[in-house]
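Undergrad: Just dropping this structure here.
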Amino acid sequence: MKRRIAGILCLGILLASGSALGAQPALKPFERGTWQRVLRDHAGRPTLVHFWGVTCGPCKVELPLLGQFAKDHPDIDVITISADLVPNLPAAAQSMLDKAGLSSTENFIFSDGFVERLRFEIDPAWQGDIPRTMLISQNGTITTIEGSAEIADLEKWSAEQRFSH
Amino acid sequence: MVRSGLLGILALACLQGAAHGQMHGQHASEAACEEPMLRCATKATPAFGHDGTLWLVWMAGGQVSVANSHDAGHTFSAPVQVTARGLNLDWGPDARPKIVVDRQGGIALAFATFRDEAFNGQVLYTRSADGGKSFAELRPITANNESQRFEALALDQDGTVFAAWLDKRNRVPAKQAGQKYDGAGLFFASSRDGGATYAEARLAHDNTCECCRLGLAFAAAGRPVVIFRNIFEGGVRDHAVMTFTDVSTPGEIHRVSNDDWQINACPHHGPSLTVAPNGTYHVAWYTNGKARKGLFYAHSRDEGRTFSAPMAVGRPDRNPARPFVLAGAAETVMVWKEFDGEKTTVQMMISRDDGATWSPPKTISSTTDTSDHPLLVSNGRQSYLSWMTKADGYRLMPIEDQP
């Protein structure tokens, strides 16, 4: 009983503090080393990692399509990473994710001001253009799509994952 | 007792959480601190006045401030805040405040803010007529309310201030007509009163890439030239230049290079342009096209109609980025950033034959945390690297002529 009360209190305080600080607990910080952890955590599972940003025009168009893709493909681990340069807009990022139907996917936000280093850990050749999608197969093969992904290409890749499974 | 104990633990947990959040926030920020002072700046833009005074405009803590230096950046005057209150300044990677200083010491400024929660931009401008002691109230550069970003300013020989920016107003009629509109329009306006008021904004070119800085210079008196990432047929985001016939009349666009970068994305990585006293255009840009990838340099000796073959710049394994090129009377200097996984360096090379050949690249500065783009500025006799870094503050370094 006490535990339950504590739990409710915790939830209440967390929600209150979350809204007071404008923070969204659903967004995970993406920091040094996060990329390797993401790869480890999803090893052996087909994983789609989508890099986007709140000020990126093409991202606004693509995000809802990706939301539908995630809904249609529960067998694919969908991860989004807000990769804008200033990581102080979790509320705006969360709002766009919610509207795109991506509330329940694993969502990160760049949380290190030294973005060159974050990007270098992911792909040394990446200069920061977004949107960008990385398709990670069960065997770890990474296919990178620069710019908006065609949903048909994602469907094709998804079907290949089922086939290889 | 139990309840108060629980509340105490929860309160402690909340406090710890808040403290962690603060520490986390500082680390996460690209700014060293959150005050309006220069040390906290994320973007700083220099310009020399005719009398040799260095002027610097910067954004820090949501404010835009200006100061000057009479000792080549060693010390600065007390800053004058241009913004009356904290604004949601455009923090896009290629955004920065702009400054030009005319022969009479008048200072024209422009910068963009995010006007709403959808990140629609607005270009604001102001002017100081009293040698930087005070600035006029900020005014929008155009009455139109569609998004504007990535403004650029340049000063003509007669004191005319020319402004160009990326503007999304033409999306509206396209949308109403059920048509797709890619990118943004390149718009321009000029000011005959040193940047106190601007003429009505006009379109130079539709459908340009909407998220990259412009390069702007004067090719000759009355003839602005702008380089921009265009959207060519098939969504190819390669670079183009346009030389204006006069400050009111746009010219033809010419492709700088056929890189074939077909991408529906925001590269956040715009070009650089300088015009040498003999009229040569020197340009530098980033591409990730099918034809070539990386940083490139080219020049044009026919007012931008044709360009030399693109010359690759920097080490491909070090992510060369953010090029800036500046032509002086005797030499042309180019700087850019490289990153080795831990450290960012500024690389520099010099050409003494108007861009035909270049010295080997040389590391002239470095930092171990995030940094602004490296910029070049000249007082007519000496060129300097101007570079804002999070870890080491603002730097102004003379470019040494020796390789």
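The values are calculated or read from the model by the stated rules, or taken from the named source; none is laboratory data. Here the structure is a predicted model, which means the values were calculated and not measured. In this analysis, Cβ positions are derived from the backbone assuming ideal geometry, glycine residues included, and neighbour counts consider all displayed protein chains. Protein only, heavy atoms only, side chains kept; ligands, DNA and RNA dropped before computing areas. Shrake-Rupley method; radii C 1.70, N 1.55, O 1.52, S 1.80 Å.
Undergrad: Heavy atoms only, probe 1.4 angstrom, no DNA, RNA or ligands counted: give me B:ARG202, A:ARG40 ranked by accessible area, highest first.
TA: Highest to lowest solvent-accessible surface, that is A:ARG40, B:ARG202.
Undergrad: Name the residues whose placed amide hydrogens come within less than 5 Å of the amide hydrogen of B:LYS43, ignoring near sequence neighbours (fewer than 5 apart) on the same chain.
TA: Long-range HN contacts for B:LYS43: B:MET59.
Undergrad: Please state the charge dipole magnitude for the range B:136-288, taken about the Cα centre, from unit charges on C-beta atoms (+1 on K and R, -1 on D and E), reported in debye and rounded to the nearest 20.
TA: With Lys and Arg at +1 and Asp and Glu at -1, about 300 debye.
Undergrad: How much net charge surrounds B:PRO140 when only the other residues with a Cβ under 12 Å from the Cβ of B:PRO140 are counted, with Lys and Arg +1 and Asp and Glu -1?
TA: -2
Undergrad: A further question follows. About the Cα centre of the range B:105-197, how large is the charge dipole given +1 on each Lys and Arg Cβ and -1 on each Asp and Glu Cβ? Please answer in debye to the nearest 20.
TA: 280
Undergrad: Let me ask something additional. If the convex hull of the alpha-carbon atoms of the protein assembly as shown is projected onto planes in all directions, what is the mean projected area in square nanometres?
TA: 28.2
Undergrad: Using a cut-off of 11 Å between beta-carbons, work out the net charge of the residues near A:THR133 (Lys and Arg +1, Asp and Glu -1, A:THR133 not included).
TA: Residues near A:THR133 contribute -3 overall.
Undergrad: Of B:GLY86, B:THR45, B:TYR181, which is farthest towards the positive pole of the range B:34-208's charge dipole, taken about the Cα centre with +1 and -1 on the beta-carbons of Lys, Arg and Asp, Glu respectively?
TA: Sorting the options by dipole projection puts first B:TYR181.
Undergrad: Relative contact order of the range B:294-403, please, whole-number percent, based on alpha carbon pairs below 8 angstrom and at least 6 residues apart.
TA: Reported as a whole number, the value is 17 percent.
Undergrad: Continuing with the same structure: Can you tell me what the convex hull of the Cα atoms of the range B:314-403 projects to on average, as an area in nm²?
TA: Value for the range B:314-403: 5.5 nm².
Undergrad: A further question on this structure: Where a Cα-Cα gap under 21 Å defines reach, which lysines qualify for B:LYS43, not counting those fewer than 8 residues away within the same chain?
TA: B:LYS98, B:LYS337, B:LYS343, B:LYS390
Undergrad: Summing Lys, Arg as +1 and Asp, Glu as -1, what charge do residues with Cβ under 12 Å from the Cβ of A:THR47 carry, A:THR47 excluded?
TA: Neighbourhood net charge equals -2.
Undergrad: Something else about it: So if I take the alpha carbon set of the range B:34-208, get Rg, then get Rh from the Kirkwood formula, what is the Rg over Rh ratio?
TA: Checking Rg against Rh, the ratio lands at 0.99.
Undergrad: Over all pairs of distinct alpha carbons, what does the Kirkwood formula give as the hydrodynamic radius of the range A:35-141, in Å?
TA: 14.1
Undergrad: Right, next: Along the three principal axes, how long is chain B when you take its alpha carbons, biggest first, rounded to the nearest angstrom?
TA: Largest first, chain B extends 85, 59, 50 Å along its Cα principal axes.
Undergrad: If you don't mind, there's one more thing I want to ask. Among B:ALA60, B:ALA129, B:LEU214, whose Cα projects farthest towards the positive end of the dipole of chain B, with charges put on the beta-carbon of Lys, Arg (+1) and Asp, Glu (-1)?
TA: After comparing all options, I get B:ALA60.
Undergrad: Under unit Cβ charges (Lys, Arg +1; Asp, Glu -1), what dipole magnitude, rounded to 20 debye, does the range B:34-208 have relative to its Cα centre?
TA: That gives a dipole near 320 debye.
Undergrad: Rounded to the nearest 0.05, what FRET efficiency do A:GLN68 and B:LYS290 give with R0 = 30 Å and r taken as the Cβ-Cβ distance? Could you check?
TA: That pair, A:GLN68 with B:LYS290, gives E of 0.50.
Undergrad: Count neighbours as other Cβ atoms within 10 Å of each site's Cβ, and list the chymotrypsin sites (Phe, Trp or Tyr not before Pro) in the range A:69-165 that are DSSP loop with at most 12 such neighbours.
TA: none
Undergrad: Taking amide H positions as placed 1.01 Å from N in the peptide plane, with prolines and chain starts having none, which residues 5 or more places from B:ASP94, or on another chain, fall under 5 Å of its amide H?
TA: Amide H neighbours of B:ASP94, under 5 Å, 5+ apart: none.
Undergrad: Based on alpha-carbon atoms only, what is the radius of gyration of the range B:154-300 relative to the globular estimate 2.2 N^0.38 Å?
TA: 1.05
Undergrad: Under the rule of at least 5 residues apart or a separate chain, name every residue whose amide H is placed under 5 Å from the amide H of B:ARG213.
TA: Residues meeting the criterion, in which the H sits 1.01 Å from N, are B:HIS269, B:GLY270.
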